Amino acid sequence: MNGHWQWQEKGNSWRGVGIYHVTASAMIRHPQKAAFGELKWQVVDGQIDGAYVEWSPFGQSLWDCIQQIPVRHPQIQIVAARIMPDHLHMVLYVTEHTDLSIREIIRGWVQGCRKAAKACGLQEEVFSDRPFIRVMSCRGQLQTMAEYVKRNPERMAIRLTYPEYFYIQRDIEIEGQQYAAVGNLTLLYEQELMAVHVHKEWVWEAERGDNQRLRDYKNGCILRARQGAVLVSPFISPDEVAVRDVALREGLPMIYILDNGLPESAKYKPPGNLIEAIAAGRLLLLSPWPHYAPNKGRCTRAECTAMNAMAETIALAATAKAAKRLTGRR
């Protein structure tokens, strides 16, 4: 970790009340067995069961160093922490103004980790780079991150057990449109695909007190999915996101059109709530965009219109093909 310690965001003293997500990576990385421990799990009836990390002696020392943070700094609470074989996560809640900034507190913690490494017979420099510190300021972000940290071993075990579903497949042509894809491509060939698109007039009616059409449509999407239809959508609006989230919870099949490109790497690590669905073969991610933007903002109106049109095209084409197959059998 040569050079100056850099803030992740400039212009913030980072001394007041706040919640921070801290990530640190091992010098040598391997997702299953590395300096901090070994990931272990079993597969029962095709499902990941009991995933956990068996810490190395140094991994145990790292955990002890984490537990020392609130002892040394009573203003800090540990909301969540997880040591993986080659990296670790901490979610820290600073409850009141501190004399030391989070930057300085984490720098002191790193020094303690170096001493622990030497006591375990390891090289002094145990982290590949400075721990990444991110302030968490959005509504719902804390709960999402705490859940992500908690379920990290399970999600890693899923990716290691079913690697084929997480490879990016490129140049997939569907009705004249090129896509990059991750997940189960056979969902495109189901007999019934349903495009999910909540119309503005239904939302306006609901805002004026009449939510009948909006409620019936959202319920109808889930009912048809329960009957075997595959939902297809970019899931842009809050009501569409609600349909997506219910489908994920119930394990219903979906084709999710992304508003960003996919990375250049061969594999893709999707957001945490999508990993299980991909591994189970219930989800296909499609990206029509050639370039990946790490910090992409909200999609434009033109992008939203284009993606909704793609969902309609995919669903209608599948329905037409299914009808043609049935007619051919007669």
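The values are calculated or read from the model by the stated rules, or taken from the named source; none is laboratory data. Owing to the predicted nature of the structure, the values given are computational and were not obtained by experimental measurement. Cβ atoms come from the backbone with ideal geometry, glycine included; neighbour counts cover every protein chain shown. Remember, those area values only see protein heavy atoms, side chains included, never the ligands or the DNA or RNA. Shrake-Rupley method; radii C 1.70, N 1.55, O 1.52, S 1.80 Å.
Would you be able to say whether some residue in the stretch 197-204 is of a type in the set (Phe, Trp, Tyr), under 23 Å from GLU303 (Cβ atoms) and open to solvent by 80 Å² or more (accessible area, probe 1.4 Å)?
Yes, that holds for at least one residue.
Of the listed requirements (1) open to solvent by 40 Å² or more (accessible area, probe 1.4 Å); (2) in contact (Cβ under 8 Å) with a residue 60 or more places away in the chain; (3) within 20 Å of GLN67 (Cα to Cα), GLU125 misses just one: (3). Residues of the stretch 48-64 that are surrounded by fewer than 19 Cβ atoms within 10 Å (Cβ to Cβ) and either closer than 12 Å to CYS113 by Cα or touching a residue at least 60 places away in the same chain (Cβ under 8 Å) (or both): TYR52, PRO57, GLN60, TRP63, ASP64. Residues in the stretch 66-93 that are over 17 Å from ASN152 (Cβ atoms) and surrounded by fewer than 18 Cβ atoms within 10 Å (Cβ to Cβ): GLN67, GLN68, PRO70, VAL71, ARG72, PRO74, GLN75, GLN77, TYR93. Scanning the stretch 128-158 for residues that are open to solvent by less than 70 Å² (accessible area, probe 1.4 Å) and aromatic (Phe, Trp, Tyr) gives a single hit, TYR148.
Check VAL232, VAL241 and return the single one that is without any contact (Cβ under 8 Å) to a residue 12 or more places away in the chain and open to solvent by less than 60 Å² (accessible area, probe 1.4 Å).
On the way: VAL232 fails: without any contact (Cβ under 8 Å) to a residue 12 or more places away in the chain.
Of the residues listed, the single one that is without any contact (Cβ under 8 Å) to a residue 12 or more places away in the chain and open to solvent by less than 60 Å² (accessible area, probe 1.4 Å) is VAL241.
Take the conditions (1) at pLDDT 95 or above; (2) part of a loop (DSSP other than H, G, I, E, B); ILE28 misses just one of them, which is (1). For the stretch 93-128, filtering for residues that are over 19 Å from SER61 (Cα atoms) and under 31 Å from the mean Cα position of the chain (by Cα) leaves 8. Being among the charged types (D, E, K, R), at pLDDT 90 or above, open to solvent by 40 Å² or more (accessible area, probe 1.4 Å) and within 24 Å of GLY176 (Cβ to Cβ) is true of ASP259.
The set of residues in the stretch 246-274 that are assigned to a loop (DSSP other than H, G, I, E, B) and over 17 Å from the mean Cα position of the chain (by Cα) comprises LEU252, PRO253, GLU264, ALA266.
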